[in-house]
Structure formats: structure tokens, C-alpha cells
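*Asks:* My questions all concern the structure below.
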Amino acid sequence: MIDYFAGRRTASADRLDRLLGSEPIVIGDLVLTELLQGFQKDADVRRALSLLEPFEFREMVGREVALGCARNFRLLRSKGVTVRKTIGVIIGTFCLQNGFPLLHSDRDFDPMETHLGLRVVRR
């Protein structure tokens, strides 16, 4: 999603562009935070929020997701996978527990797909 708003032509950005208006898209609070913290101008934040208005908003972390994140982190570590950012485990676990496929362009999610069954939106 960051690539999309940055105007970068990537496979994920193109896929998001095709999904807009044709399928429901969910955005979680932490994903919203990650996206908006990258903008430098308030006007850009307002524009992004306007474009995100049709998305279904979800709060991502509660007790069950937190417990699932710890379990998934430990499972990945036991398989020799070093998790670079906890936020990725949170986003992936949220998607796993809610049955949402994840559109991403971040290699950090690849082990979650391989070892945990995370479904991803293919470009």
C-alpha cells in the first residue's frame, strides 16, 4: 500500500489498483499507522485518509492476536527464521486469525506463508 501512495509502479501497487472498487479491502489500525507515518505533509495525510474511506477498518490487536503473535514468533524462531520486525508478525497473525489474504511486497511475510499458511494476494 505504501508503494501505491508513493506512486511507485510495483506488482503489489498495480494489484491494489485493480482491486479498488471491485472487492472489499480491509485495513487494520496498525497498517494505517505504518502508512500514515510515512507522509510528511498534512495535506497528503488528508488525501490518503479520503482515499481509504471506503476500506473496512479493523482494530488488530487484542488478547487472542497477541497470544497468536507470540506463538507464531516462537514457531518461526524454532524453524530458524529470524523475524526482523514484530509488526510483521502482528499483521500476518491478524490475517491468519481472520482468514484475510494479505497483499504485500515485503519478504518478511514469506516465512509466514511457508510455515504458518498465511494466504497472500498474488500479483
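*Asks:* Quick one: net charge around residue 29, please, counting Lys, Arg +1 and Asp, Glu -1 for every other residue with C-beta under 14 Å from its C-beta.
*Replies:* The answer is -2.
*Asks:* Something else: For residue 36 and residue 84, calculate 0.36 nm times their separation in residues minus their Cα-Cα distance, and state this gained length in nm to one decimal. Kindly include the intermediate steps, with their values, before the conclusion.
*Replies:* On the way: separation 48, 0.36 × 48 = 17.28 nm, distance 2.09 nm.
Here the segment from residue 36 to residue 84 would lengthen by 15.2 nm.
*Asks:* Can you report the principal axis dimensions of segment 1-92 using only the alpha carbons, biggest first, rounded to whole angstrom?
*Replies:* That works out to 42, 30, 27 Å along the principal axes.
*Asks:* If neighbour count is taken as other Cβ atoms inside 10 Å, put 89, 121 in order from fewest to most.
*Replies:* Listing 89, 121 from fewest to most nearby Cβ atoms yields 121, 89.
*Asks:* Taking the chain as the reference, fit the longest principal axis to its C-alpha atoms, fit the long axis of helix 86-98 to the helix C-alpha atoms, and give the angle between the two in degrees, 0 to 90, nearest 10.
*Replies:* 90
*Asks:* Using 0.36 nm per residue, how much length does the chain from residue 46 to residue 121 gain when fully extended, once their Cα-Cα distance is taken away?
*Replies:* Length gained between residue 46 and residue 121: 24.3 nm.
*Asks:* Can you give me the Cα centroid spacing of segment 1-80 and segment 91-107 in angstrom?
*Replies:* 9
*Asks:* Moving on to the next point. Between residue 74 and residue 27, what's the calculated FRET efficiency when r is the beta-carbon distance and R0 is 22 Å? Round to 0.05. Before the final figure, lay out the partial values.
*Replies:* Numbers: r = 28 Å, r/R0 = 1.25.
FRET efficiency, residue 74 to residue 27: 0.20.
*Asks:* Here is a follow-up. Report relative contact order for the chain in percent, whole number only (criteria: Cα-Cα under 8 Å, sequence separation at least 6).
*Replies:* Values: 113 pairs, mean separation 28.6, N = 123.
Reported relative contact order: 23 percent.
*Asks:* While we're on this one: Expressed as an acute angle from 0 to 90° and rounded to the nearest 10, what is the orientation of the C-alpha long axis of helix 63-78 relative to the principal long axis of the chain?
*Replies:* For helix 63-78, the angle is close to 60 degrees.
*Asks:* Please list, ordered by chain and number, the residues whose modelled amide H lies under 5 Å from the amide H of residue 102; skip anything fewer than 5 residues away on the same chain.
*Replies:* For residue 102, the qualifying residues are 119, 120, 121.
Read-outs throughout are calculated quantities, based only on the coordinates presented, and are distinct from any laboratory measurement. For clarity, every value in this text was computed on a predicted model and none was experimentally measured. Here Cβ is always computed from backbone atoms with ideal geometry, including for glycine, and neighbour counts include all displayed protein chains.
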